[in-house]
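Structure first, then comments.
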Amino acid sequence: MAALVAENFRFLSLFFKSKDVMIFNGLVALGTVGSEELFSVVAFNCPCSPARNYIYGLAAIGVPALALFLIGVIWNNHTWNLVAECHKRGTKNFSAAATFLLFGSIMGRAAVAPVTWSVISLLRGEAYICALSEFVRPSSLDKFPAEYGAEVLAGFPCKDVPANLTKFRDEVTRRLRYESQLFGWLLIGIVAVLVFLTKCLKHCCSPLSYRQEAYWAQYRSNEDKLFRRTAEVHSRILAANNVKHFFGFVALDKEEKELVQEFPVEGVQPSPQWNAITGVYIYRENKGFPLYSRLHKWAKGVEGNGPSPEGHEMLFLAS
């Protein structure tokens, strides 16, 4: 039983650590759905006041979506690779198509959470009803009392209305919820079509075969995992050596002692090497042989960043 639990835990751990784009986007979407549900239950409270409803309703949809978009941009590794690229090398080595591809990748990944938030908000309908209830034309409601205006309509989302207006409140709420959900389903359809067209365009324009593209994705994932693991060990050993040099000894546990003995660290990598493996990478080949990353390119001793007679840029960005 313990072995089964451990195996299931290991599977879940690997699942949530996966770098696969579809899985990552799915997890982001699920997290956004949960956050939106929590927000609607705990935080959303329509003011039911003319002029305030519209601002509050739009803010309830737009502000969290904007915040999620910015968080998505910040969390995307391509963002900081682009910053490093512009800081160290500029964008003179990027064609217009490569630049568009890069920005499209960043924006597309960052848009998953805000689009999910907007869709769920529209399907629920509370924010939309709050924002637009006061703009419903009284003339569109059969036998609506003439003495009531926008102020009463603005109070419909709060259900605090005179008894003789209950049926009108139900009709307005039903109408606005229909519109809100219709826009939500349309947004889902538009996004689905865009994703489909983007995937088709990506595979049609890719210079790589399907198997080589899968191999490249595996290489990038393995390189990243090994680099992070090795960097963690290297930095720990380097820190141990410096602490030992200062105090004359260093307090290590058994595992750390084994690491220090097995992997002696003599120095650190100079800044030019770090700069060479940092930045945006568009797939390139050199003399017909693929270069799968900046680290791969550095290890092969290939100089330069732009296309050359012996190495040409392929407009394909690592996911």
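The values are calculated or read from the model by the stated rules, or taken from the named source; none is laboratory data. Everything quoted here is computed from the prediction, not taken from an experiment. Because the Cβ atoms are built from the backbone with ideal geometry, glycine has one as well, and the counts that use them run over all protein chains shown. For accessibility, only protein heavy atoms count, side chains too; no ligands or nucleic acids. Shrake-Rupley method; radii C 1.70, N 1.55, O 1.52, S 1.80 Å.
Here are E223, E255: which of them is open to solvent by 90 Å² or more (accessible area, probe 1.4 Å) and farther than 30 Å from S140 by Cα? Step by step, each of E223, E255 is checked, and only E255 is open to solvent by 90 Å² or more (accessible area, probe 1.4 Å) and farther than 30 Å from S140 by Cα.
For R137, the requirement of being loosely packed, with under 13 Cβ neighbours inside 10 Å, modelled with pLDDT of 80 or more and closer than 22 Å to N53 by Cβ is met. Within the stretch 157-182, residues that are under 19 Å from R52 (Cβ atoms) and of a type outside the set (S, T, Y) sit with their Cβ atoms under 7 Å from residues that are open to solvent by 70 Å² or more (accessible area, probe 1.4 Å) and not in a helix (DSSP H, G or I), at 6+ positions apart or across chains, in these pairs: R169/K159. When each of R284, R294 is tested for being at pLDDT 85 or above and open to solvent by less than 30 Å² (accessible area, probe 1.4 Å), the lone residue that passes is R294.
Here's the yes/no breakdown for (1) at pLDDT 85 or above; (2) of a type in the set (S, T, Y); (3) open to solvent by 80 Å² or more (accessible area, probe 1.4 Å):
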site: M1; (1), (2), (3): no, no, yes
site: G34; (1), (2), (3): no, no, no
site: C48; (1), (2), (3): yes, no, no
site: A84; (1), (2), (3): no, no, no
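Take E232 and tell me if it is exposed (fewer than 11 other Cβ atoms within 10 Å of the Cβ), among the acidic types (D, E) and in a helix (DSSP H, G or I). Spelling it out, E232 is indeed exposed (fewer than 11 other Cβ atoms within 10 Å of the Cβ), among the acidic types (D, E) and in a helix (DSSP H, G or I). No other residue among G184, G189, G104, G125 is exposed (fewer than 12 other Cβ atoms within 10 Å of the Cβ) and either β-branched (V, I, T) or out of contact with any Phe, Trp or Tyr (no Cβ under 8 Å at 6 or more places or on another chain) (or both) apart from G189. Which ones in the stretch 151-181 are in a helix (DSSP H, G or I), open to solvent by 50 Å² or more (accessible area, probe 1.4 Å) and not hydroxyl-bearing (S, T, Y)? Passing the criteria: E151, C158, A163, N164, K167, D170, E171, R174, R175, R177, E179, Q181. Of the numbered criteria (1) more than 22 Å from V83 (Cβ to Cβ); (2) surrounded by 14 or more Cβ atoms within 10 Å (Cβ to Cβ), the one A239 fails is (2).
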